[in-house]
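The values are calculated or read from the model by the stated rules, or taken from the named source; none is laboratory data. Since the model is a prediction, treat every value here as computed from it, not as a measurement. All Cβ positions, even for glycine, are placed from backbone atoms using ideal geometry, and neighbour counts span all protein chains on display. Areas reflect the complete protein model, heavy atoms only, side chains present, ligands, DNA and RNA absent. Shrake-Rupley method; radii C 1.70, N 1.55, O 1.52, S 1.80 Å.
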Amino acid sequence: MQKLLVIEDDLIQAYFLTNTICKEVPDVKLYNIALTGKEAINIIKEEIVDIIIMDLKLPDMTGIDILNYISENNIVKYDSSIIVFTGEMELLSQVIGNKYVFDYCSKINGMDFIITKIKKLLELKRKCYNITLIKEKIKKELENLKYNFSYLGTKYLCECIYECYNKNKIYDINLNKDIYPIISKKYHKTISSIKANIFQATSIMYYEIEEQILQEYFGYKVRSKPKTKDIITRVLQKLH
């Protein structure tokens, strides 16, 4: 359930907004209504809410000031989590492109418009949650193998496993063609550098891990350092 904060100085408008949203979008529940910018900031800084619907014109400050507060304090929780709903079109141009603003609309567009945007935001949050969950599971598997997460190679290996998972490939994996180029582009490193770092992290893991732990993980006696593809395949088997 996503907790909603509505920042709106018109209480009647705020009640109408929240009642409609909570009726049309069951995954959202109202956490609070802030009638002023100061009230809003006091709630925002606690990082309790998940979604914010915000008017830009308030009695004591503008929504721009609230966005600046979030940015200055680097509250990453609110990345792409704010929907601006305002009648102050002259202020709207100042929020376009802001990383904390998922979308915006004018009050003249009506409720159907904002409901659609909230549903899209929820879809994005669910996708992000699933990605985070899978990556945490991958990290746990590599922790079981005693990989050292202070090495870049371990991070690159995590990314490789996730990309294979995302492509729904367990056995038919072509790392050089399908996976390494993605990681190379993401981190602005050469494919050779990516492979070398993974090789180093795996070598250190192999020489430090207890033989019994490695055998139990793979289900057979491992007589030499496992190849990257073998590790990825085994982790994916466990994830599935």
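Annotations
- Among residues of segment 172-208, those that are within 12 Å of residue 155 (Cα to Cα), of a type in the set (Ser, Thr, Tyr) and open to solvent by 40 Å² or more (accessible area, probe 1.4 Å), counted: 1
- Here the condition is being free of Cβ contacts under 8 Å to residues at least 60 places away in the same chain, over 14 Å from residue 49 (Cβ atoms) and under 15 Å from the mean Cα position of the chain (by Cα); of 99, 77, it holds for 99 alone.
- Complete set of residues in segment 90-99 that are exposed (fewer than 15 other Cβ atoms within 10 Å of the Cβ) and assigned to a helix (DSSP H, G or I): 90
- Those residues of segment 157-170 which are under 11 Å from residue 138 (Cβ atoms) and among the β-branched types (Val, Ile, Thr), in sequence order: 161
- Counted as qualifying within segment 171-240 are the helices (runs of 4 or more DSSP H) with 1 or more residues that are under 24 Å from residue 140 (Cβ atoms) and small (Gly, Ala, Ser), namely 191-208.
- Each residue in segment 218-240 was checked for being touching a residue at least 24 places away in the same chain (Cβ under 8 Å) and open to solvent by 60 Å² or more (accessible area, probe 1.4 Å), and 4 pass.
- Screening segment 7-89 for helices (runs of 4 or more DSSP H) wholly inside it with 3 or more residues that are open to solvent by less than 70 Å² (accessible area, probe 1.4 Å), closer than 21 Å to residue 99 by Cα and not hydrophobic (A, V, I, L, M, F, W, C) returns the ranges 63-72.
- Filtered residues of segment 14-36 (kept if touching a residue at least 60 places away in the same chain (Cβ under 8 Å) and more than 16 Å from residue 112 (Cβ to Cβ)): 27
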